[in-house]
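FYI, it's all coordinate maths here, none of it is from the lab. On a predicted model such as this, the values are computed, not experimentally measured, just so you know. Counting neighbours? That spans all protein chains shown, and the Cβs are built from the backbone with ideal geometry, glycine included.
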Amino acid sequence: MKKITAIALFALCGLLAAGKAMAQEHSVQATIPFNFSVNNKVLPAGTYTITRESANLILIHNLHTTGAWAIAVPDASQSANRKQLVFARYGDQYFLREILCGADTINLKLPETRREKQVQQQQAMLQTPAQVLIAAR
C-alpha cells in the first residue's frame, strides 16, 4: 500500500512540474511605465511577467507585487509580428486589453470590467479614448 501511495505521489509531482514548465513556455515579459488595471485590480508601474496558465486564465505578476489573475479570451483575429501589450487609456487610467504574441500563440483579449466601463462613460464626455502599445519580450 505504501508503494502505491509513493508512486501516486511521485506521478502527481511529475504532472505538476510538467504543467508549470508548459506554462512558462507561454509567458511574456514587459516593462510598463504607468499604473494599470487588470480585473479591477490596479497594479503599479514595473516589469511584469504575463503567464498563460490555461486556455482562458493568465497570471500577471512582478517581483514586488502579488499580481493579478484574469480571464482572457483567445483572439485569433489579431496577429502580431512582435510581442506587444495593448492598453486602453481614459485620462490617466490604463486598462490592459490585449496581449499579442503571434509567435508564442498568446493572442488574448481581456474583457472590459465594470470599473473600466464606468471610467469610459465618465471620460466619454471629456475626450476620446486612446490606445497605448507596450513592446514585450
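Below, the figures for the structure above:
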| item | result |
| --- | --- |
| Test item: Cα-centred dipole of the range 26-135, Lys/Arg +1 and Asp/Glu -1 on Cβ, debye | 100 |
| Spin-label model distance (nm) - Arg114 vs Lys41, 7 Å beyond Cα toward Cβ | 1.8 |
| Contour excess over end-to-end distance, with Cα ends at Arg82 and Leu133 and 0.36 nm allotted per residue | 17.2 nm |
